[in-house]
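Below: the structure, in structure tokens.
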Amino acid sequence: MSSLIKNVFLPEELNNYYIFSKYIVGIEINKTSIIATKSYIKGDHSSIDLIVEEKLEQQDSEVMNDFIAKALTSIMAKMGYYDEIHLALPSSMIIFKELTLPFMTREKINMVIGFEIEPLLPFSLQDAVINFIITKQNNEEKTSDILVTAVQKQQLLDYLAPFQSAGISPSRITVDIISLYGIYKRIPSYNALTGGTALIDFGLYATRIALMIDSQLKIVRTLPKGITFIAKKTAQNLSLAPNEVMESLARFGLNNTEPSSNTQEIEKTIQSLVEDLQFTLTSFTTQFLNRRPITKALFLGDGCLIKGLVPFVTNKLNITGECFNAEALTEDPTLSIKQSVTINPVTITSVSASLLSPLTSDYNLQTQELETQDNSLIVKQLVSLVVLTIMLFTGLISNYTMQTKKLRKEITASEQQALNALKEQFTTLEDEKNLNDAIEAAEIELDTQKSTWFAFSNQSRSSLLQYLLELTSKIDSKSIGLDVEQIIIGEGVLTLKAQVKDHDALKVLERELGQSKLFSYVEPQENPQFTMKILLAPNSEEL
């Protein structure tokens, strides 16, 4: 239930504060190994808990994906429980472009980024997956500097094929340099560097270069030359096997003083790579620094493990340089490293992919079109919808049942109370069990009592004797020949059944009765033999 709440109903984070803790595995795949780092994120704090490396043997391209898939399965088993997988793509797959746009929000930039980048791509926009990071904003001019990344969709799908085979779905796809830039910005001493800074990753097969001004990422370049190029080129010049040169580099680096060493030839080959680096840095300083020199270079990757390589390169480039200092990560108070974990320039990319940075938190090349069949979140959302619907109707039905039961109980109690009250007033209702039957019986009893006591009641009407006296005083029975057969006095009505000698006598009778204050209305008659209804006047109308 907790995973349902945190994945569906509540936001993952608020202002870079993660409400729910989670484990993130950052993965980097190169041609010789898979490196995975497991980090724990809670609140605004991150902890690097585990780093695992799985070696990859060179295989035919037809079976390489299967081999990588098996290695991924093995390495994820070693990772144990995790919540997310973040994959760092190699920069060699990516096209980088820097743009300045007159917008300050990511939403507005997203609306125009496709139109801006399309003319700069060597393939159609429909075949591309693009994203960007905001590297700088100018509040006065209301502009944003962004670094756009684009990768061909099919190339990305091919790269993700081993993950799909292994049943693994990365929730975030980033780029190695983007991730490294995010961790670079978290280190105060690096983030404070001014002027031009180069982040150079010496890999086995390529060299990646990120160029920054005042810690703002400006441009990324990838050179298709790495340690393997140096070994092969040197071996070719010396007629040796590349493995021999690679072993010499791994054991002695450029510090081999033996007479039979090949250091001089290795340095000549490295010079070719240095020249490419120099050209890249020179073009950068010309374009962005007005030919001012690069102030510092930070080196990463396998090149940092070769003794003497970094000093040799920095000397040739005439810049100050050093290997990326993993211990500098401890400068960030929100980041901790377990004692059993050792971070070096080779593993730093996977480490950076496993960490979350405010600068790169919105960057993700994963799209619905690229997702594997891991639809767990959709399933959770559907399940939550069904559960919520059931809970809603269950709650409504339960509330209706409870309220109905309570109301029925109140009605029953009220009916019983009313029945008891009626029985207290009417002794004839002792055997009644139903309130409706008791009410009907009580109404009949009341009508009977009203009829019985009406004639003797003087509360609202005059007494029966008064009405009889009024009749005898108003009527001269001898002159009109009145013969009374019956007098009935009901509630409010006196019925006189009689006859007179003729029509003139009938008119005299009606006139005399109409003049009485005890009668409010005398019903006119047509025949001397009649049944006349006379309405009785209330006491307020009496004299």
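The trypsin sites (Lys or Arg not before Pro) of segment 29-72 include none that meets both criteria, a DSSP state outside H, G, I, E and B (loop) and at most 10 other C-beta atoms within 10 angstrom of the site's C-beta. Here the simple spin-label model places points 7 Å from the Cα toward Cβ, and for ILE397 and LYS55 these points are separated by 6.3 nm.
Ranking of HIS503, HIS45, HIS86 by neighbouring Cβ atoms within 10 Å, starting from the fewest: HIS503, HIS45, HIS86. Placing a label point 7 Å from the Cα of ARG292 along the Cα-to-Cβ direction, the residues of segment 105-144 whose backbone N falls under 20 Å from that point are 135-138. Where only DSSP H runs of four or more residues are counted, the chain gives -13500 deg cm²/dmol as its mean residue ellipticity at 222 nm, each run worth -39500 (n - 2.57).
Of the trypsin sites (Lys or Arg not before Pro) found in segment 227-303, the ones in coil according to DSSP and having at most 14 other Cβ atoms within 10 Å of their Cβ are ARG291. Against the compact-protein benchmark of 2.2 N^0.38 Å, the Cα-based radius of gyration of segment 195-327 scales to 1.07. Sequence-ordered 3J(HN,Hα) estimates for segment 529-535 from the Karplus curve with 6.51, -1.76 and 1.60 and θ = phi - 60° stand at 9, 8, 10, 9, 9, 10, 7 Hz, glycine and proline given as x.
Karplus-derived 3J(HN,Hα) values for segment 169-174, using 6.51 cos²θ - 1.76 cosθ + 1.60 with θ = phi - 60°, are 10, x, 7, 9, 10, 10 Hz; glycine and proline are entered as x. Taking the C-alpha atoms only, the angle from helix 464-474 to the longest principal axis of the chain is near 50 degrees. Distances between placed amide hydrogens fall under 5 Å for SER520 paired with LEU535, LEU536, ALA537, all partners being 5 or more residues away or on another chain. With neighbours defined as other Cβ atoms within 10 Å of a residue's Cβ, the residues MET246, MET111, MET212 order from fewest to most as MET111, MET246, MET212.
If you rank CYS323, CYS304 by fewest surrounding Cβ atoms within 10 Å, what's the result? Going from least to most buried by this count: CYS323, CYS304.
Computed from phi, the 3J(HN,Hα) profile of segment 241-247 under the Karplus parametrisation 6.51, -1.76, 1.60 (θ = phi - 60°) reads 6, x, 5, 5, 5, 5, 5 Hz, with x in place of Gly and Pro. Measure nothing but the geometry: give the 0 to 90° angle between the long axis through the Cα atoms of 176-186 and the longest principal axis through the Cα atoms of the chain, rounded to 10°. For helix 176-186, the angle is close to 80 degrees. Taking 7 Å along the Cα-to-C-beta vector as the label spot, tell me the SER21-ASP214 distance in nanometres, rounded to one decimal. Each label point lies 7 Å from its Cα, and together they span 4.0 nm. Hey, of (i) 25.6, 80; (ii) 26.3, 94; (iii) 50.9, 171, which did the structure itself give for Rg and Dmax of the Cα atoms in Å when calculated? Matching the structure shown: (iii). Placing R0 at 22 angstrom, the Cβ-Cβ distance between LYS517 and LEU446 gives a FRET efficiency of 0.15 after rounding to 0.05. Annotation for PHE279 and GLU410: the two label points, set 7 Å from Cα along the Cα-Cβ direction, are 9.0 nm apart. Between the amide H of LYS225 and those of THR207, distances stay under 5 Å, these residues lying 5 or more places away or on another chain, with hydrogens modeled in the peptide plane.
Maximal additional length on extending the ASN364-THR330 stretch stands at 9.6 nm, based on 0.36 nm per residue less the C-alpha distance.
In the chain, the DSSP beta bridges split such that about 75 percent are antiparallel, to the nearest 5. Put simply, the amide H of LEU89, placed in the peptide plane, has neighbours under 5 Å in THR174, VAL175, ASP176, leaving out anything fewer than 5 places away on its chain.
Values in this text are rule-based calculations from the coordinates and carry no lab data. Here the structure is a predicted model, which means the values were calculated and not measured. Every residue, glycine as well, gets a Cβ built from its backbone with ideal geometry; the counts of neighbours run over all protein chains shown.
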